[in-house]
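Single-structure report; data block below.
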Amino acid sequence: MKKRILIVGGFHKAQTLARSFLEKGYDVTAINKNPLHCRVLAQMSDLTVLTGDGSKPFVLEDAQAENADIAIALTPRDDDNLVICQLCKKQFHVRKTVSLVANPEKIKFFYRMGIDSVVCALSAITSIVEQQTFLDEFTTLLPLGDGELRISELRLPATSPVIGKTLSEIQLSRDVIIATILRQDQPLVPHGDTKLLAQDVLILIAAAKQEAASVRVLQGK
Amino acid sequence: MLSIHVNWLGKSKLTVIVGCGRLGSTLADQLSDEGKNVILIDQNEAAFRKLSPAYAGLTLVGDATDAATLKQAEIERADHLVIVTNNDNTNIMIAQLARECFQTPHVICRLYDPQRECVYREFGIQTICPTALSSLAIERLLNNPASLNQTGQEGGN
């Protein structure tokens, strides 16, 4: 059976998401309070559109929320999103709920309230901008566990103080490990006696808190 | 900015009210008249104009869905939290925040639409629904027209 996705609220975000889900072959239903938005959304063929307040149980019932595999709340209000996801979860037994949250300080609270996945546009955008700013020297490849842990890539400049030293000689935090070294694009398994050379690319797995300090040690800035 | 002195509050009970609409302001006035400690939160400073000049509690301008605002309102010391903003979802979220993050012992929440019960049932939140209360009162009047005068007097003060 086709996977069913329910999108509640959001106009442009709902539009883009619905289009992408439909292309991938999912069955998509969108709920929106605003009749004008609904009219625009309804122009998408194959998309089921419902006008109504998705934080009300009878609207979710009309949208057959009980058959949905995933529910996504995209309204601009945190409280609405929270109630939508909780209703989907508790009353309609939707397997997975995803919520947008405006205030980054509420991310943890939302997880505690049983939302499966919480997305904060503000923190996502700021972290991308931050990453792009230092793109040439340092890139986060993959944030893990809510961004607490990161896999990142760092190219050693010729000016780095650690060049010529072995790994056992450099002082890195215990929360950082060098997972692998790419030397002229060849992967190298690092050991204590591995000497670092200029232009080596280090793949780091680091606790987000310790990352900046290790970058300073490795780049000498 | 709000500043509270422990001496002022002493050890007596503290009630935090969120939302200074008709219900919030009436309740705050009443509790304050009874000599209770009240802190009233509303996003909009103008809302506090509804309070009587005799109101002796505190007011705080802020968004109560924000944990920082609740903290500022001494939620950690509060014995009762009454949430009466005009948005049900806001009320539910504040109630959950208070129960989960601050372990507020007693939370009362006004909800216009009681249909979302499954969302807050497990949190130990007391709810009141104006529609249910009104319909109950009206039904009582319908069943017993003789009580009309008494109720009319009660409502007229």
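Of all residues in the stretch A:206-221, those satisfying the criterion of being open to solvent by less than 50 Å² (accessible area, probe 1.4 Å) and closer than 12 Å to A:Val176 by Cα are A:Ala206, A:Ala207, A:Ala208, A:Glu211, A:Ala213, A:Ser214, A:Val215, A:Leu218. In the stretch A:124-140, which residues are in a helix (DSSP H, G or I), among the hydroxyl-bearing types (Ser, Thr, Tyr) and touching a strand residue (DSSP E or B) at 6+ places or on another chain (Cβ under 9 Å)? The one that is in a helix (DSSP H, G or I), among the hydroxyl-bearing types (Ser, Thr, Tyr) and touching a strand residue (DSSP E or B) at 6+ places or on another chain (Cβ under 9 Å): A:Ser127. Among residues of the stretch A:168-180 that are farther than 7 Å from A:Ile205 by Cα, those with a beta-carbon under 6 Å from a residue that is part of a loop (DSSP other than H, G, I, E, B) at least six positions away or on a different chain give the pairs A:Ser168/A:Gly192; A:Ile170/A:Val162.
Within the stretch A:70-81, does at least one residue satisfy the condition of being in contact with a Pro (Cβ under 6 Å, 6 or more places away or on another chain), under 27 Å from A:Asp27 (Cα atoms), in a strand (DSSP E or B) and more than 10 Å from chain B (Cβ to nearest Cβ)? No: the stretch A:70-81 contains no residue that is in contact with a Pro (Cβ under 6 Å, 6 or more places away or on another chain), under 27 Å from A:Asp27 (Cα atoms), in a strand (DSSP E or B) and more than 10 Å from chain B (Cβ to nearest Cβ).
Among the residues of the stretch A:145-166, those identified as open to solvent by less than 80 Å² (accessible area, probe 1.4 Å) and touching a Lys or Arg at 6+ places or on another chain (Cβ under 8 Å) are A:Gly164, A:Thr166.
When the stretch B:118-128 is limited to residues that are more than 9 Å from chain A (Cβ to nearest Cβ) and either farther than 17 Å from B:Ile17 by Cα or touching an Asp or Glu at 6+ places or on another chain (Cβ under 6 Å) (or both), the one that is least open to solvent (accessible area, probe 1.4 Å) turns out to be B:Phe123. Being within 14 Å of chain A (Cβ to nearest Cβ) and touching a helix residue (DSSP H, G or I) at 6+ places or on another chain (Cβ under 6 Å) narrows it down to one of B:Thr65, B:Thr69, so name that one. Selected residue: B:Thr65, the only one of B:Thr65, B:Thr69 that is within 14 Å of chain A (Cβ to nearest Cβ) and touching a helix residue (DSSP H, G or I) at 6+ places or on another chain (Cβ under 6 Å). For the stretch A:162-182, does any single residue satisfy the condition of being in a helix (DSSP H, G or I) and of a type in the set (A, V, I, L, M)? Checked against the condition, which is being in a helix (DSSP H, G or I) and of a type in the set (A, V, I, L, M), the stretch A:162-182 yields at least one hit.
Against the test of being free of Cβ contacts under 8 Å to residues at least 12 places away in the same chain, in contact with a helix residue (DSSP H, G or I) (Cβ under 9 Å, 6 or more places away or on another chain) and within 11 Å of chain A (Cβ to nearest Cβ), the options B:Asn87, B:Asn91 yield a single qualifying residue, B:Asn87. How many of the residues in the stretch A:29-56 are more than 29 Å from B:Asn87 (Cα to Cα) and either among the hydrophobic types (A, V, I, L, M, F, W, C) or assigned to a helix (DSSP H, G or I) (or both)? Matching residues across the stretch A:29-56 total 2.
Residue count for the stretch A:105-131 under the criterion of being open to solvent by 50 Å² or more (accessible area, probe 1.4 Å), under 30 Å from A:Leu87 (Cα atoms) and away from chain B (no Cβ under 14 Å): the result is 4. Out of curiosity, is A:Phe134 at pLDDT below 85, open to solvent by less than 50 Å² (accessible area, probe 1.4 Å) and more than 14 Å from chain B (Cβ to nearest Cβ)? Against the criterion (at pLDDT below 85, open to solvent by less than 50 Å² (accessible area, probe 1.4 Å) and more than 14 Å from chain B (Cβ to nearest Cβ)), A:Phe134 does not qualify. With respect to being surrounded by fewer than 20 Cβ atoms within 10 Å (Cβ to Cβ), within 14 Å of chain B (Cβ to nearest Cβ) and small (Gly, Ala, Ser), A:Ala102 fits the description. Find all pairs meeting these conditions: Cβ atoms under 9 angstrom apart; at least six residues apart or on different chains; first residue within the stretch A:97-113 and within 10 Å of B:Ala67 (Cβ to Cβ) and assigned to a strand (DSSP E or B); second residue modelled with pLDDT of 95 or more and open to solvent by 20 Å² or more (accessible area, probe 1.4 Å). Hits for this filter: zero, empty list.
Filtered by the rule that a residue be in contact (Cβ under 8 Å) with a residue 60 or more places away in the chain and in contact with a helix residue (DSSP H, G or I) (Cβ under 8 Å, 6 or more places away or on another chain), the stretch A:46-69 gives a lone residue, A:Ala68.
Only one entry of B:Arg121, B:Arg49, B:Arg99, B:Arg77 meets the criterion of being touching a residue at least 60 places away in the same chain (Cβ under 8 Å) and more than 13 Å from the chain's Cα centre (by Cα), and that entry is B:Arg77.
Scanning the stretch B:59-99 for residues that are in a strand (DSSP E or B) and open to solvent by less than 40 Å² (accessible area, probe 1.4 Å) yields B:Leu60, B:Leu81, B:Val82, B:Ile83.
The values are calculated or read from the model by the stated rules, or taken from the named source; none is laboratory data. What you see is a predicted model, and the numbers here were worked out from it, not measured in a lab. Heads up, the Cβs are rebuilt from the backbone with ideal geometry, glycines too, and the neighbour counts pull from every protein chain shown. Just the protein is used for accessible areas: all its heavy atoms, side chains included, with ligands, DNA and RNA removed. Shrake-Rupley method; radii C 1.70, N 1.55, O 1.52, S 1.80 Å.
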